[in-house]
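Engineer: Next up is a structure, given as structure tokens.
The values are calculated or read from the model by the stated rules, or taken from the named source; none is laboratory data. What you see is a predicted model, and the numbers here were worked out from it, not measured in a lab. As a convention, Cβ positions derive from the backbone with ideal geometry for all residues, glycine included, and neighbour counts pool all protein chains shown. Accessible surface areas use protein heavy atoms only, side chains included; no ligands, DNA or RNA. Shrake-Rupley method; radii C 1.70, N 1.55, O 1.52, S 1.80 Å.
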Amino acid sequence: MRVFGERKTIGVYVHIPFCVRKCLYCNFSSVAALSIPEKQYAESLVRELALIAERQCLHGRVLESIYIGGGTPSLFSPAAIDTIISSISDAFHHNGNVEITMEANPDTLTAKSLKGYRDAGVNRLSIGIQALDDRLLKAMGRTHGKKAAVDSFISARNAGFENISIDLMSGLPGQSISDLEDTLLKAARMGPEHISLYGLTIEESTPFYKMRDAGLLKIPHEDEQAGQYVSASETLTRAGYTHYEISNFALPGRGSANNSRYWLGGEYIGLGASAHSCMKAEGWGRRWWNISDPYEYMRAVEGG
């Protein structure tokens, strides 16, 4: 267990499950909502934090990282993100050097909102680009194109973000090894500090699952997917990135503190619908997770 001085550390994951629409491959805990209950949901997160901190006796812990994931957290206003971050920061000890990551979709970011997120304390942005190929983005059901992806990265840099991660995907329908290498080379030239590359998995209850069963979805054979993975690792390593975890590549010293906490068995609490927590206990530790429906979650928090 990591310690800071004489105090144990803690990480906090915050789940914001709302999206403009669900992507065709997505099996994450998220909902497409025309109207987002931003204020009520943020208040529920703050309330849950107080309950967990009290029940788990966490007030003496040193905060090491905050990760705001989704869903699409960048649908929330900077004011709501500020409320969430401030509440977490106030609940724990810290030295002012906390890694605070927020996920974002390219088409939800503006110069004004990016500045607001920076002012709220976000110091690491994770942009869900997925591909730099309009044909593949359309096939995935993404709400943005290549230009919006590149523009969002440039805008984030202009807003002062010095630590940016981008998400990409392999094994996509119609994607060849050369397609993936082209995206990776373009991504590396953009210069993000961190690149996550996730292999597509076809999950039940997704449109892709039904399309595959109906013979309407042609994905690369598993041998080709393995070839994409090997090629990607070689391409990004040559570009100066360290392949420090199965799906993650980083420039020196830019690995994710949040993710490393998971992989190294560190303690963390999860706030929000479907969020998971893990605390040390006899054996493998104690894990628990929240109700997945965000509206049921908010009602449950209100009930204590």
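Engineer: Give me a count of the residues in region 161-183 that are open to solvent by less than 30 Å² (accessible area, probe 1.4 Å) and more than 24 Å from Tyr229 (Cβ to Cβ).
Structural biologist: Number of matching residues: 2.
Engineer: So which pairs qualify, if the first residue must be in region 190-204 and β-branched (Val, Ile, Thr), the second must be part of a loop (DSSP other than H, G, I, E, B) and surrounded by 20 or more Cβ atoms within 10 Å (Cβ to Cβ), the Cβ gap must be under 7 Å, and the two must be at least 6 apart or on different chains?
Structural biologist: Listed pairs, sorted by first residue: Ile195/Tyr241.
Engineer: Next question. Quick check: anything in region 27-50 touching a Pro at 6+ places or on another chain (Cβ under 8 Å) and aliphatic (A, V, I, L, M)?
Structural biologist: Yes.
Engineer: When you check Ala149 against the structure, is it at pLDDT 95 or above and open to solvent by less than 20 Å² (accessible area, probe 1.4 Å), yes or no?
Structural biologist: Considered against the rule, which asks whether it is at pLDDT 95 or above and open to solvent by less than 20 Å² (accessible area, probe 1.4 Å), Ala149 comes out as yes.
Engineer: Would region 158-171 turn up any residue that is farther than 22 Å from Asn258 by Cα, out of contact with any Pro (no Cβ under 8 Å at 6 or more places or on another chain), at pLDDT below 95 and in a loop (DSSP other than H, G, I, E, B)? Let's see the steps before the verdict.
Structural biologist: Pass one, region 158-171, residues farther than 22 Å from Asn258 by Cα: 158-159, 170-171.
Among the residues that remain, those that are also out of contact with any Pro (no Cβ under 8 Å at 6 or more places or on another chain) are: 158-159, 170.
Next cut, at pLDDT below 95 only: none.
No - not one qualifying residue is present in region 158-171.
Engineer: Oh, and also: When you go through Ile52, Ile88, Ile36 one by one, which is the residue that is at pLDDT 95 or above and either over 30 Å from Ser170 (Cα atoms) or of a type outside the set (Phe, Trp, Tyr) (or both)?
Structural biologist: Only one candidate passes the filter, namely Ile88.
Engineer: Which of the strands (runs of 3 or more DSSP E) contained wholly in region 189-304 include at least 1 residues that are among the polar types (S, T, N, Q) and surrounded by 12 or more Cβ atoms within 10 Å (Cβ to Cβ)?
Structural biologist: Per the criteria, 194-199, 242-245, 248-250, 276-279.
Engineer: Of the numbered conditions (1) under 29 Å from Lys8 (Cβ atoms); (2) modelled with pLDDT under 95; (3) not hydrophobic (A, V, I, L, M, F, W, C), Ser30 fails exactly one; give the number of that condition.
Structural biologist: (1)
Engineer: For region 153-172, indicate whether the set of residues that are more than 24 Å from Glu245 (Cβ to Cβ), touching a strand residue (DSSP E or B) at 6+ places or on another chain (Cβ under 7 Å) and hydroxyl-bearing (Ser, Thr, Tyr) is non-empty.
Structural biologist: Among the residues of region 153-172, not one is more than 24 Å from Glu245 (Cβ to Cβ), touching a strand residue (DSSP E or B) at 6+ places or on another chain (Cβ under 7 Å) and hydroxyl-bearing (Ser, Thr, Tyr), which makes the answer no.
For every residue, the table says whether it meets (1) aliphatic (A, V, I, L, M); (2) in contact (Cβ under 8 Å) with a residue 24 or more places away in the chain; (3) in contact with a His (Cβ under 8 Å, 6 or more places away or on another chain).
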position: Tyr229; (1), (2), (3): no, yes, no
position: Thr237; (1), (2), (3): no, no, yes
position: Ala257; (1), (2), (3): yes, yes, no
position: Met279; (1), (2), (3): yes, yes, no
position: Gly283; (1), (2), (3): no, no, no
position: Arg286; (1), (2), (3): no, no, no
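Engineer: In addition: Condition first: touching a helix residue (DSSP H, G or I) at 6+ places or on another chain (Cβ under 6 Å) and over 14 Å from Leu75 (Cα atoms). Now tell me which residues in region 112-124 satisfy that.
Structural biologist: Ala120, Gly121
Engineer: Among Thr183, Thr101, Thr108, Thr83, which is in contact (Cβ under 8 Å) with a residue 12 or more places away in the chain and more than 27 Å from Arg261 (Cβ to Cβ)?
Structural biologist: From the options Thr183, Thr101, Thr108, Thr83, the qualifying one is Thr183.
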